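Single-structure report; data block below.
The values are calculated or read from the model by the stated rules, or taken from the named source; none is laboratory data. Since we're looking at a predicted model, the values are computed, not measured. Please note: Cβ atoms are built from the backbone with ideal geometry, for glycine as well, and neighbour counts cover all protein chains shown.
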Amino acid sequence: MQLWKQLMQSTKTRGFEPMGARYFGARVDRMEDETLLTGNGQYVDDIKLPGMLQGSFLRSPHAHANIKSIDTSLAEAVEGVHAVLTYKDLPSPLNQPAVQPYPSPAIKQDLRPYPLAKDEVSFVGEAVAFVVASTRHIAEDACAQIMVDYEILPACVELRGAMNEDAPRAHNGTPDNLVARLNAKYGDVDDVFAKADHILKTDFTQHRGGCHAMECRGVVGFHEPIDGQLTIWSATQCPYLIRRSLAQQMDIAESRLRVIAPDVGGGFGPKAGYYIEEIIVPHAAMVLGRPVKWIEDRREHFVTTNTQRDSYWDLEIAVSKDGDIHGLRGNIMLDCGAYIPYGLLLAVTTVVPLPGPYKLAAMDIVEDVIFTNTVSNSPVRGAGRPNAAYTMERVIETVARELKIPSADVRRRNFVRKEEFPYKTGLTHFNGNPMTYDSGDYHALLEKVMKLADYDGFEKRQEQARKQGRYLGIGISSCIEDTGAGPYEGATVRIDPLGQVHVVTGAASQGQGHKTVIAQIVADELDVEIEKVRVEIGDTGKFPQGVGTVASRVAVNVGTACYTAANEVRDKALDLAAQLLEIDRDDLQIADGIVQDKGNRNVNISLGQLAHKLAPMTGGFIPEGFTPSLEATSYEGSKGLPHASGCNICEVEVDIGTGEVNILRYSVAHDCGKKINPTIVEGQIIGGVVHGIGNALFEQMVYDEQGQPLSTNYGEYLLPIATEMPRIDIVHQETPSPLNPLGLKGAGEGGTIPAMAAVVASIENALETFNVVIDYYPVTPQRLCELIDEGSKAAE
Amino acid sequence: MKPAAFKYHDPKTLDDLTGLLKNKEDVKILAGGQSLVPMLNMRFVMPDHLIDINGIDELNFIKQEKGTLSIGAMTRQVQLAHSSEITKTCPILQEALSYVGHFQTQNRGTLGGSLCHLDPSAEMPAIACLLGAELTVKSDKAERKIAFDDWALAYMTPNLEPEEVLVSVDLPVWQEKHGHAFVEFARRHGDFAIVGVGALLVVDKKQNISKVALCVAGADVRPQRLHDLEKSLIGQPATDETFLQAGAQARNIEAFSDAYVSKAYRQRLSGVLVERALKQAHERL
Amino acid sequence: MADIRNITVSVNGESYTRDVETRKHLADFLRQDLDLTGTHLGCEHGVCGACTILVDGEAMRSCLMFAVQADGKDIVTTEGLVAKDGTLNALQQAFRNHHALQCGFCTPGMLMSLMAYLRDHKNPDEAEIRRAISGNICRCTGYQGIVDAALEAADAIHQNAGV
């Protein structure tokens, strides 16, 4: 079926919203789908090259140990083994620590792993050796034959005690476990607290789960011997980061490296890193003169893919007797894990979104980022924003509970008002820019979601249920999300002599439908049928510079770049057509790829013909005043950070016998500015909310006291599955961003960011009679039963 | 996560199988594979010999003989779930099965496999315990019949010698009119239960309890009948108050702690689920 | 010395005869030996469902079977759902209509589980569909689109029109 016909059909069934454009804002079916639905996706493990060998890593079974010796002789003797690499086999400069992709002067101890462990291992899973063999089976057989003599050392595992004088050091020879100490501060906190009617306290731990994309990581390395080009396929969100880092690591020119993100089965943050596997696998390919593939298995994913984990928050709130929140002060302890592969990115995004959608006169929060002997911490869907949002919502709930004011009213009192945009929170980002919210209407968002959730009808529902001995609860959660972070993403738009439109961008995709939204924008600007637009992404060999797909930045940045480039192409086409047809440019229009005289459609020339004119062969000529090729490149992005916002309401039933939480209803009001494709936005929201519910109720990485990860399979580590997830109802609001021409705001994480807080608040509401206050998520049924019992005893 | 190498065997008859078991050492039997293959993939077990018994048709049967449901060890869970024979005579087995894994795993998983694996909270062993099943094992030399109480020796350890294989399970189904219920609490649909409870209940003309069986799986490392509680319930009126008291008493059950779930919570769940199972069994009378 | 067996398997209607090491699981065999990479590996311990295929018509996890166990059997994978002219079947089309996939990695497993389930069940409601896909994990979509797609395609698949 023609894509166009499908568009018409789908818009008929879903209600096309005319926006003065054909595709922008329409629910266009994704162009990615057909390939993926027929099993023809090309993920990194689908790549097959002649002579390709398979690799397997030997990994540390200890959280902290010295390596006394490694004997690889038995492994090397296994039939089918081509190489066994340990640290001693790494030539300079690969025997140096992995480069720091995100350097910062605030990092006190920039400890980085060696590509293969040198003499110390600092987390279970750290790579010690790499075996290359004809099959993965044989490589694993050989790994089992490698004899490593470890001297086990005390492990620093528990976050709360990690800054004690007598805490084990996560790394040998370090003065303490402090990575960095950040201070998010503005206003006169002492004054605000001195004058406050009440000073309230709240403290809690947030435990966010890991990546758990259904596709694990993987790397294929291929060294072309003739021109020396090293091609790397990696299931990554940031091919350019890998190219840059590897070039530095290997001390070679970036032009010798080509990094390709093929189809990637989900990213969520942890695939945006620079991992030692991305050094070792290509190195092995060079050394062996054959392509080498390494695919992470799920056990490895549990222990080596960067994850988010614990942060402990201890706060005081300065509040008036009417519920005006004036100030916030306190401390955060953030578990960094063993290394700092994302620099202080997560630490920064954990505090910079404070104070959320609320106006606070002053804030002083000190954040300690702390080493532990666990896998390194990484942003996971939302990065630190869910943590910051959760914190602000805990503040709201604390105020509501202790001052006995409905939490919706506390929000209304304290929200930034719509007349106040652009709104400077008072906080300066660590990059020196003042945090500014570009546009929004948080009050309207709250009203919309309360209506959608039938919030007013809840009291009655709760009463009816209580008569039957059932406990229902409802909880609200609001958030802002800074999106579209710079510094840039670029795109080239080019038309070929057949009238096909080619868009190339460095942005990579892991399921967000970027190709489709890009095609929508470009097809509109050029007035061509969307099926004439072909998009290529995620390949450093096809587009010169890029940054990465993180933090809901791609649609905003690439969307803007594509819009700009497409308009430059449009201008060039119209200028050339005017010249060739000898017509005033203002009398021309484009329809379905044909430039035509508005008054007389028979006078026309196609975009393809124009492209042909600009790309002549020997003997031809370029028309006067024009440059060759009907194309344009733009790196235009958003100025500043467009801020999306959301408000969620969760309604639950808690079984006080078992502690089971059943989500009855979940409502979302979401504002991401102008939506390129509402269906894709909704998909991101729903997926994000479910991820957040998973964090709130299910996902917990359990370690023992020696830092041994225990929950390393999907029987013990619980991901959200379809049966426990609610339908999610969504209402949209659009406050366009003034920071980019299309009014875009990012949409990838706005579902996750407020979700945990909404779930936790609803459980507390259900168990109000037991005075349950939750100080840890994920919330387990066992924990709820303990809290209910404590509450019941206290009442007696 | 690829298995270590093994020598693969696929006998087609029970005699071939027992012959292999006699002659080979360091063997694992491959039935449905839903529990064993993950362990092989993760190299938690690395047998020299893997004996695939999926081709032994004579181990797959469901027979009803004089009040006893006799089921071959290789009968698939999906077959049990759809058997009209079992619906008629032992519906609690099908209710328990509704909690077992997912339909994809039931297409492979077997009754025998579950009974030999003996996960503490598994539903099939719980039903076998509840009904007082008798298990038949065979070796090359002999056949043994083992009462369920003697089958589960310890944590995930069945009463099986290395050269023996479980052949069939006999479930003495209750003939008289009775109520049944299997309830369990798991975090998500299809997950291993934290605790599961099976209840069978008969009341007399005065609505007093005349016969009752209660089995709790997941509290301790083996499923257990609550014999003392059962005795104390005989003659009691079949009322909510009785069931509430029974639940309170069931909280004293032996239970274990692990990294995820405390002993106290297992005990609490046992109590709550015993009460709910009795209530539901009563409602079904 | 590797333990090798010779097997003959029918996959998507075509017969293949190969030598295979006995410890190689069925998913790896399909992906590596037959170049049918549509079946994906998400966990290799039987929980995520990405590797789900049909064996003699029944949905099973191909990471929990060895290739040698498929000798003589009829297998259908996601590549087998599409018509010879490339037309998507009713379930695949419904997935498209309802944005039931994002990264696409869990999708083949979802499709195969639903093909079997919808074939065998008439008029499933939402709760039943959610139970039917509870053995398939998706990290991207939150399941709602998948449920809607299954509801749309249920009739067509049940009456075999979409296969």
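The condition of being acidic (Asp, Glu), assigned to a strand (DSSP E or B) and away from chain A (no Cβ under 14 Å) holds for only one of B:149, B:170, that being B:170.
For segment A:435-530, the helices (runs of 4 or more DSSP H) that sit wholly inside it and include 2 or more residues that are closer than 30 Å to residue A:357 by Cβ and of a type in the set (A, V, I, L, M, F, W, C) are A:442-452, A:514-526. Determine whether segment A:258-269 contains at least one residue that is among the basic types (Lys, Arg) and either away from chain C (no Cβ under 14 Å) or farther than 20 Å from residue A:112 by Cα (or both). Yes: segment A:258-269 contains one or more residues that are among the basic types (Lys, Arg) and either away from chain C (no Cβ under 14 Å) or farther than 20 Å from residue A:112 by Cα (or both). Scanning segment B:3-18 for residues that are at the interface with chain C (Cβ under 7 Å from one of its Cβ atoms) and crowded, with 20+ Cβ neighbours inside 10 Å, which turns out nearest to residue A:296 (Cα to Cα)? Ranking the candidates gives B:3 first.
Okay, residues lined up against (1) touching a helix residue (DSSP H, G or I) at 6+ places or on another chain (Cβ under 6 Å); (2) without any contact (Cβ under 8 Å) to a residue 24 or more places away in the chain; (3) buried (at least 24 other Cβ atoms within 10 Å of the Cβ):
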| residue | (1), (2), (3) |
| --- | --- |
| A:638 | yes, no, yes |
| A:678 | no, no, no |
| A:683 | no, no, yes |
| A:689 | yes, no, yes |
| A:703 | no, no, no |
| A:717 | no, no, no |
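So for segment A:190-207 (the condition being more than 14 Å from chain C (Cβ to nearest Cβ) and buried (at least 24 other Cβ atoms within 10 Å of the Cβ)), does at least one residue qualify? Yes - at least one qualifying residue is present in segment A:190-207. Scanning segment A:25-41 for residues that are outside any loop (DSSP other than H, G, I, E, B) and either β-branched (Val, Ile, Thr) or surrounded by 22 or more Cβ atoms within 10 Å (Cβ to Cβ) (or both) yields A:33, A:35, A:36, A:37. Screening A:722, A:747 for residues that are closer than 26 Å to residue C:49 by Cα and within 14 Å of chain C (Cβ to nearest Cβ) leaves exactly one candidate, A:722.
For segment A:728-743, the condition holds for no residue, the condition being that it is within 20 Å of the chain's Cα centre (by Cα), in contact (Cβ under 8 Å) with a residue 60 or more places away in the chain and away from chain C (no Cβ under 14 Å). Scanning segment A:42-64 turns up one or more residues that are under 32 Å from the mean Cα position of the chain (by Cα), polar (S, T, N, Q), within 14 Å of chain C (Cβ to nearest Cβ) and part of a loop (DSSP other than H, G, I, E, B).
Within segment C:69-81, can one find any residue that is touching a Ser or Thr at 6+ places or on another chain (Cβ under 6 Å) and of a type in the set (A, V, I, L, M)? Scanning segment C:69-81, I find no residue that is touching a Ser or Thr at 6+ places or on another chain (Cβ under 6 Å) and of a type in the set (A, V, I, L, M), so the answer is no.
Scanning segment C:98-131 for residues that are assigned to a helix (DSSP H, G or I) and either touching a Ser or Thr at 6+ places or on another chain (Cβ under 7 Å) or of a type in the set (Gly, Ala, Ser) (or both) turns up C:108, C:109, C:111, C:112, C:113, C:116, C:127, C:130, C:131. The set of residues in segment A:132-157 being crowded, with 17+ Cβ neighbours inside 10 Å and either in a strand (DSSP E or B) or away from chain B (no Cβ under 14 Å) (or both) consists of A:132, A:133, A:146, A:148, A:150, A:153, A:155, A:156.
Screening the candidates A:585, A:601, A:570 for the property of being of a type in the set (Lys, Arg), in contact (Cβ under 8 Å) with a residue 24 or more places away in the chain and more than 30 Å from residue A:242 (Cα to Cα) yields one hit, A:570.
Within segment B:173-195, the set of residues being in contact with a Pro (Cβ under 8 Å, 6 or more places away or on another chain), within 14 Å of chain A (Cβ to nearest Cβ) and assigned to a strand (DSSP E or B) comprises just one member, B:185. For segment B:135-145, filtering for residues that are surrounded by fewer than 19 Cβ atoms within 10 Å (Cβ to Cβ) and assigned to a strand (DSSP E or B) leaves 4.
Residues that are surrounded by 22 or more Cβ atoms within 10 Å (Cβ to Cβ) and farther than 23 Å from residue A:215 by Cα within segment C:98-129 comprise C:116, C:117, C:118, C:129, listed in sequence order.
Could you check segment A:662-676 and list, in sequence order, the residues that are surrounded by fewer than 24 Cβ atoms within 10 Å (Cβ to Cβ) and modelled with pLDDT of 95 or more? Correct list: A:662, A:663, A:664, A:665. Within segment A:340-362, the residues that satisfy the criterion of being closer than 12 Å to residue A:102 by Cα and not in a helix (DSSP H, G or I) are A:340, A:341, A:342, A:343, A:344.
Those strands (runs of 3 or more DSSP E) of segment B:1-77 in which at least 2 residues are at negative phi and in contact (Cβ under 8 Å) with a residue 60 or more places away in the chain, considering only elements entirely within it, cover B:27-30, B:68-72. Quick check on residue A:596: is it of a type outside the set (D, E, K, R), farther than 30 Å from residue A:678 by Cβ and out of contact with any strand residue (DSSP E or B) (no Cβ under 6 Å at 6 or more places or on another chain)? Criteria not met by residue A:596. Counting just the residues of segment C:60-82 that are assigned to a loop (DSSP other than H, G, I, E, B) and more than 16 Å from the chain's Cα centre (by Cα), which one comes out surrounded by the fewest Cβ atoms within 10 Å (Cβ to Cβ)? Looking at residues that are assigned to a loop (DSSP other than H, G, I, E, B) and more than 16 Å from the chain's Cα centre (by Cα), I get C:72. Of all the numbered requirements in (1) over 26 Å from residue A:713 (Cα atoms); (2) more than 7 Å from every other protein chain (Cβ to nearest Cβ), residue C:145 misses one, and that requirement is (2). Segment C:1-59 holds strands (runs of 3 or more DSSP E) entirely within its bounds, and those carrying 2 or more residues that are under 22 Å from residue B:5 (Cα atoms) and within 13 Å of chain A (Cβ to nearest Cβ) map to C:14-21.
Got at least one residue in segment A:248-269 being of a type in the set (S, T, N, Q) and within 20 Å of the chain's Cα centre (by Cα)? No, segment A:248-269 contains no residue that is of a type in the set (S, T, N, Q) and within 20 Å of the chain's Cα centre (by Cα).
Among the residues of segment B:264-272, none qualifies, meaning not one is of a type in the set (S, T, N, Q) and outside any helix (DSSP H, G or I). Taking the listed residues A:361, A:389, the one that is of a type outside the set (Lys, Arg), buried (at least 24 other Cβ atoms within 10 Å of the Cβ) and at pLDDT 95 or above is A:389, with no other qualifying.
So that you can scan it fast, the table gives a plain yes or no per residue for (1) within 23 Å of residue B:173 (Cβ to Cβ); (2) not in a helix (DSSP H, G or I):
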position: B:210; (1), (2): yes, yes
position: B:213; (1), (2): yes, yes
position: B:228; (1), (2): no, no
position: B:241; (1), (2): no, no
position: B:259; (1), (2): no, yes
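Can you name the residue in segment A:771-796 that is more than 14 Å from chain B (Cβ to nearest Cβ) and buried (at least 21 other Cβ atoms within 10 Å of the Cβ) and is also nearest to the chain's Cα centre (by Cα) among such residues? Out of the qualifying residues, it is A:777.
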